[in-house]
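See structure below.
We did not get these values from a lab; they are worked out from the coordinates using the rules stated. Quick caveat, the model's predicted, so the values are computed rather than measured. In this analysis, Cβ positions are derived from the backbone assuming ideal geometry, glycine residues included, and neighbour counts consider all displayed protein chains.
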Amino acid sequence: MDSTATSYVRDRVTVTTRPYLDYYAKNKIIPVRQNISDLQIHLKRRSILFYYLKIPPAAVRGQRVLEIGPGTGDNAIHIASLAPKKYTLLDGNPHSIAAVNEKIQDTRFAFRALQDLQCIETDFVQYDGTDLYDLVLCEGIIPAQDDCAAFARRAARFVDIDGLLVVTCHSAISLLSEVCRRLIKPILFSNAEDSARILSDAIELFTPHLEQLPGRSRVIEDWVRDNILQPWPETIVFSIEDALNAVGQDFYLFGTSPQFIQDFRWYKAAAVDEVSLNDLARRQLEYWAPIFIDYRVDPGDFVGLDSSDLESKCRAILRNAHVAWTTDDLDLVSDCIQSLEKLRRDLSLVFPTTAASIKDFVVGTDALLRGKHAEFHEFRGWFGRGQQYVSFLRHDNRLR
């Protein structure tokens, strides 16, 4: 993971910290654990993700794989099961390295069958390796960096020709539901005696929300620590468009989760069309980006919306919410609620379910601010398509 420092304000004191690493190390946690009690279900989840990203098992079997920030190594179990020729895992968190090494020694998993396996404790920005890889995985890391584009370009440097790079992205639209939930943290902070009480109150409050999310596999405590209690930098947004711009012309967008690209061109016509594969992806993204606001939105019901305008409004709310979160200023929380109420009115015709969720969030948060119990009702089930996965293929000039 990256060691780039970022600053935030806490109790009127400016603190410099490294994204993820310092928060994880200070609390001696790796809050990314997956439920792998049913190993076959876990492997199926990862296989479906790779299907969306157009990475068949043969693209991993016998190939060279680099994973940046493997966390607890739960997802690495899937890679090991596909028998790569070379598998290198990099992480700057010693607790992550210990967790991965523990899984490597576990006979239930396929790590021991790999002949070239390395698990290296290092900040990724300081890693001086020179090997190239057929698949580079960089999940859940880039959007928290101070310079997301530079981090993405650095990861891309390790991808060989015809190799694949996998990154995860956030837009302000897709993060809006989580931004709302983070606005509750200052209220919890004002009512709790210590950090342990804040954590337990947050788990109690958000458990009914997460229980409504189909397919949820993450440990609830970890989700709360990572998404509600962890400091976010102002640069948390790293969109698919940002990723396209960062990796440059040597890569083209290959697969996505969720899948949104539709190309009905005849392949021979596409070869002479002035619209490149990446240009087509940008056009599709511009149209479909608004539905990232709510996973419950049926694309068949979507009638279109100005994605730039919606992204701009969501970014403004995110920026103000960031200040409210870092200062625990309840007046700023109220200001954000007013902005959300305006956005709700804008969305009421196009996304009525999302608008109803925002309304229940506004009502529930207002109740919490007055020291009352809050049910949140429709808001409980609102989650955006918060983290988008993207695979990029590094190509030579044939596909330009």
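When every Cα-Cα distance of the range 297-386 is counted in 10 angstrom steps from zero, the calculated P(r) takes the values 16, 46, 32, 7, 0 percent. Among Leu332, Leu39, Leu229, the residue with the largest mean-square fluctuation in a Gaussian network model of the chain, with springs joining Cα atoms closer than 10 Å, is Leu39. For the chain, take the longest principal axis of its alpha carbons; what is the angle in degrees between that and the long axis of helix 352-369, to the nearest 10 within 0 to 90? Orientation of helix 352-369: about 50 degrees from the principal axis.
Looking only at the range 170-189, which residues have a backbone nitrogen under 20 Å from a spot 7 Å from the Cα of Lys26 in the C-beta direction? Residues 182-189 qualify, since their backbone N sits under 20 Å from the label point. Largest GNM mean-square fluctuation across Arg380, Arg218, Arg315, computed for the chain with C-alpha springs under 10 Å, falls on Arg218.
A cut-off of 5 Å between modelled amide H atoms, ignoring neighbours fewer than 5 places along the same chain, links Ile141 with Thr168. Taking every alpha-carbon pair under 8 Å whose residues sit at least 6 apart, the range 313-400 reaches a relative contact order of 18 percent.
Between the beta carbons of Val272 and Ser308, assuming R0 = 41 Å, the FRET efficiency works out to 0.85 to the nearest 0.05.
If you line up the long axis of helix 39-52 against the longest principal axis of the chain, both from Cα atoms, how many degrees apart are they, to the nearest 10? With both axes taken from Cα atoms, the answer is about 80 degrees. Placing a label point 7 Å from the Cα of Asp116 along the Cα-to-Cβ direction, the residues of the range 72-106 with a backbone N closer than 16 Å are 80, 83-90. Considering Cα pairs under 8 angstrom that are at least six residues apart, work out the relative contact order of the chain and quote it in whole percent. Taking the mean separation of contacting Cα pairs over the length of the chain, I get 21 percent. Its Cα centre serving as origin, the range 183-279 has a Cβ charge dipole (Lys and Arg +1, Asp and Glu -1) of approximately 240 debye.
Taking Arg46, Arg33, Arg216 in turn, the Gaussian network model of the chain (Cα-Cα springs below 10 Å) assigns the largest fluctuation to Arg216. Over the chain, the hull volume per residue, using the convex hull of the C-alpha atoms, is 138 Å³. Computed extension gain for Asp162 through Asp346, at 0.36 nm per residue and net of the alpha carbon distance, reaches 61.8 nm. Here Thr353 and Asn35 are evaluated by their C-beta separation; at R0 = 22 Å the FRET efficiency comes out at 0.20. Apply the Debye scattering formula to the range 159-209, with a single equal point scatterer on each alpha-carbon and no solvent, then give log10 I(q)/I(0) at q = 0.19, 0.26, 0.28, 0.31 Å⁻¹. Debye intensities relative to I(0), on a log10 scale: -0.73, -0.99, -1.04, -1.12.
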